[in-house]
1. Checking the condition modelled with pLDDT of 90 or more, within 23 Å of Phe10 (Cβ to Cβ) and outside any loop (DSSP other than H, G, I, E, B), which residue from Val101, Val125, Val135 passes?
2. Among the residues of the stretch 13-30 satisfying the criterion of being in a helix (DSSP H, G or I), of a type outside the set (S, T, N, Q) and under 20 Å from Thr89 (Cα atoms), which is most open to solvent (accessible area, probe 1.4 Å)?
3. Only residues that are open to solvent by less than 50 Å² (accessible area, probe 1.4 Å), within 16 Å of Arg111 (Cα to Cα) and not in a loop (DSSP other than H, G, I, E, B): list them for the stretch 56-96, please.
4. Which of the residues that make up the stretch 31-49 are in contact with a Phe, Trp or Tyr (Cβ under 9 Å, 6 or more places away or on another chain) and surrounded by 15 or more Cβ atoms within 10 Å (Cβ to Cβ)?
5. If His100 meets every condition in (1) in contact with a strand residue (DSSP E or B) (Cβ under 7 Å, 6 or more places away or on another chain); (2) of a type outside the set (Asp, Glu); (3) exposed (fewer than 10 other Cβ atoms within 10 Å of the Cβ) apart from one, which number is that one?
6. Being surrounded by 10 or more Cβ atoms within 10 Å (Cβ to Cβ) and farther than 17 Å from Val76 by Cα is the filter here, so list the residues in the stretch 109-139 that pass it.
Amino acid sequence: MPDALPTARFNHATLNCSDVGRSIAFYTTVLGLREVTRPDFDFRGAWLYRDGLGMMLHLIEDKRFDPPRHKINSRVSHLAFRVTDVDRTLALLSEHGVEHVHKRLPTHGYRQVFFHDPDGNVLEVGEWPDPEALVATLQ
């Protein structure tokens, strides 16, 4: 069997959006990302970054983009970000007027918060341990 690809780290995730300006405003205001230089593609979009994330979020505008409309659901494709203070996060989401669902994993006690971006993409924030600590438990 061939070796695995020589990946170094996760670089970016991409989300479609119907209005890139509205999405930039949401992700910069609510999640604290900032817009960074993006190549001059022949389609509208944005690259967003936040120090400490170690990855970027790429937005691609598609005026016809229409994600499935559903209640906030943790069992659909979503992006997840680790936060350092879930209580502060809950308060800030409320201040921003962002509807959210707060859960606690029964077997581990981790707290998770799920919400939608302006286009209905599901986002999650939580207080999980560092991934390296999880890997260590398997060894």
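1. One residue alone meets the criteria, Val125.
2. Step one: filter the stretch 13-30 for residues in a helix (DSSP H, G or I), giving 20-29.
If we keep only those that are of a type outside the set (S, T, N, Q) too, we end up with 20-22, 24-27.
Now narrow it down to the ones that are under 20 Å from Thr89 (Cα atoms): 24-27.
On the way: Ile24: 32, Ala25: 49, Phe26: 26, Tyr27: 0 Å².
Filtering first and then ranking leaves Ala25.
3. Leu79, Phe81, Val86, Thr89, Leu90, Ala91, Leu93
4. The answer is Leu31, Leu33, Ala46, Leu48.
5. All conditions pass for His100, except number (3).
6. If the condition is that a residue be surrounded by 10 or more Cβ atoms within 10 Å (Cβ to Cβ) and farther than 17 Å from Val76 by Cα, then Tyr110, Arg111, Glu127, Trp128, Pro129, Leu134, Ala136 are the ones that fit.
The values are calculated or read from the model by the stated rules, or taken from the named source; none is laboratory data. This structure is a prediction, so every number in the text was calculated from the model and none was measured. Reconstructed Cβ throughout: ideal geometry from the backbone, glycine too, with neighbour counts over all protein chains shown. For accessibility, only protein heavy atoms count, side chains too; no ligands or nucleic acids. Shrake-Rupley method; radii C 1.70, N 1.55, O 1.52, S 1.80 Å.
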